[in-house]
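Following: one structure in structure tokens, then a few remarks.
FYI, it's all coordinate maths here, none of it is from the lab. Note that the coordinates shown come from a computational prediction; the quantities given were computed from them, not determined experimentally. Every residue, glycine as well, gets a Cβ built from its backbone with ideal geometry; the counts of neighbours run over all protein chains shown.
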């Protein structure tokens, strides 16, 4: 599994709710249709910082998600809300664990 973390800083104040709504309605559907998609998380860290984590089967799929996210910012005209390019960390997930849900 490969993950890409994008950290957005200096987000325009008061636009967090708009960004979350647009990401849910327009970005997440595009990402979830990519081959190898296994999860997406959007984190509101406060102080004008948001981070996203996307998980995919291969490095090429994770890289494609970054391309889609970059195009999404332009297509949605979010350059003023997200004035700085994200800091991107991408690589192979070498350890992970999730809790298994047991259905009663």
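Brief remarks on what is shown
- Region 69-104, residues that are buried (at least 16 other Cβ atoms within 10 Å of the Cβ) and under 12 Å from the mean Cα position of the chain (by Cα): 69, 72, 73, 86, 90
- Count of region 28-48 residues, restricted to those that are under 22 Å from residue 13 (Cα atoms), out of contact with any strand residue (DSSP E or B) (no Cβ under 7 Å at 6 or more places or on another chain) and surrounded by fewer than 14 Cβ atoms within 10 Å (Cβ to Cβ), is 2.
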